[in-house]
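Submitted below is the structure of interest, expressed as structure tokens.
The values are calculated or read from the model by the stated rules, or taken from the named source; none is laboratory data. Note that the structure is predicted; figures quoted are calculated from it, not measured. Counting neighbours? That spans all protein chains shown, and the Cβs are built from the backbone with ideal geometry, glycine included. Surface accessibility is based on the protein's heavy atoms, side chains included, excluding ligands, DNA and RNA. Shrake-Rupley method; radii C 1.70, N 1.55, O 1.52, S 1.80 Å.
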Amino acid sequence: MAASASASLLLISVLLIPLTSGVHVYDCEPGTEPTLCIVNNLVYTTGQDPLPQLNRSDTVNRIQLTYERFYYTRKPMVSVYDAVLHETVLRSPPNVAVINCHLQTLVMPRELEVGDFLNNVIKVVETNPAQSYNIRYLDLSHNSLEDLRNLSVLVNLQTLKLDGNQIAEITAETFVKMSNLSILTLGYNQIVKIDLKVLPKSLTTLSLIRNELTEIDFASVSFTNMREVNFESNKLKTLDVASMMRACPALQLLPIEYNPIPRDEAQRIITELDRHNVTYYINGDKTSDSDTSCDSDEYEIDGVCFNTSVLGSRTFLKAIVLILVGIVLFGVFGLSARWIWHEMRY
């Protein structure tokens, strides 16, 4: 009987060898512990069996997934960040960074406090309106987000970075419950118009750099803690400084370069900002040789450049370059066709 039992155990062990040997165990990069664990090239897919394992100490509170990629498109190693990856594989770290890995879907973990998902292709952030979330800091910059409504339940957010997405509209319900939000960045999107009344009154920093704003209205709003607002590289032609200062009495920094504001209006705005001790350029942008700091289709006031065209200098130059390239290509095609015709004749 004992021999039969031993044989059975041996057989089970042999059968389990292929299952256990298929588990991929990842280690933290040497030197990153005790609180930080950097993991290279972790592979995870939804429904994966067996799941990958991470060998880390219990003192780790921040995990960073890094991926070595070439310039050409490769198959994503982690397309979805979900509860299984966060809780089972990574063992619920409070701080996670998943950068540049072609991540497409983020299923927000309930216990996550700091999330850095910069430079992916995230189109969807899945949340559950019936759940509460601990997230305080969330960086979703340079992804593919268009709709922000699922973020409305993240009421504990203090910093939210959404630069470089495909956002064209800010709806009222997105920020209505975010009473703790202090820093909001929405630069490098396609926002044409924004109603400031839908934004949290707790904001200290608001960035709308390089959007499509043609006007901004500070009437009937109050941001008593606002210190920095960035309107650089939009399509503004005027700015009501008096109304803005009533709404943001603590304002200290207001970059407004590269807007198509007429010269007289720009001079008036700068004079008023000087009177309120508000800086209108980012430190380091203003050079001592201000006469040569602006492009040919820009003008300069007090070291700050303004566009003379709504298109802006960079768009104009890009159009010129494309036209020249088209002319060259057309010419090469014409000469080639003429040479072929000549050869065919003889």
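Calculate the spin-label point distance for residue 46 paired with residue 300, positioning each point 7 Å from the Cα along the beta-carbon direction, and give it in nanometres.
In this crude spin-label approximation the distance works out to 5.4 nm.
I'd like the distance between the alpha-carbon centres of segment 26-66 and segment 138-173, rounded to an integer number of Å.
27
Then there's this: From largest accessible area down, sort 123, 197, 161; use a 1.4 Å probe on the protein chains.
123, 197, 161
On a full-extension model of 0.36 nm per residue, what is the gain between residue 225 and residue 100, subtracting their alpha-carbon distance, rounded to one decimal in nm?
Difference between extended and current length: 41.6 nm.
Cα gyration tensor of segment 136-241, axes a ≥ b ≥ c as square roots of the eigenvalues: rounded (a/c below 1.5), prolate (a/b > b/c) or oblate?
Oblate is the answer for segment 136-241, as a/c is 1.5 or above yet b/c matches or exceeds a/b.
Give the accessible area for residue 62 in Å² (nearest 10); use a 1.4 Å probe, count only protein heavy atoms, and leave out ligands, DNA and RNA.
Rounded to the nearest 10, that gives 70 Å².
From largest to smallest, what semi-axes in whole angstrom does segment 67-168 give when each is the square root of 5 times an eigenvalue of its alpha carbon gyration tensor?
21, 17, 12
Please identify the GluC sites (Glu not before Pro) of segment 96-171 that satisfy two criteria: DSSP loop assignment and at most 12 other Cβ atoms within 10 Å. Which are they?
Working: sites: 111, 113, 126, 146, 169; in loops: 111, 113, 146, 169.
Sparse-neighbourhood loop GluC sites (Glu not before Pro): 111.
Mind ranking 279, 185 by accessible surface for me, highest first, 1.4 Å probe? Provide the component values of the computation, followed by the final result.
Values: 279 50, 185 15 Å².
Ranked list, largest accessible area first: 279, 185.
Rounded to the nearest 20 debye, what is the charge dipole size of segment 203-292 about its Cα centre when +1 sits on each Lys and Arg Cβ and -1 on each Asp and Glu Cβ?
About 220 debye.
Next question, about the same structure. Residues of segment 252-277 with backbone nitrogen within less than 17 Å of a virtual label 7 Å along the Cα-to-Cβ line of residue 212, please, listed as ranges.
Residues 260 qualify, since their backbone N sits under 17 Å from the label point.
Given the pairs 193/235; 177/197; 123/201; 201/235, which span a C-alpha to C-alpha distance of over 21 angstrom in this model?
In this structure, 123/201; 201/235 exceed 21 Å between Cα atoms.
How many Å² of accessible area per residue for segment 131-237, probe 1.4 Å?
42
Shifting gears a bit: Relative to the present Cα-Cα distance, how much length would full extension add between residue 263 and residue 77 at 0.36 nm per residue of separation?
Extra length from residue 263 to residue 77 when fully extended: 61.8 nm.
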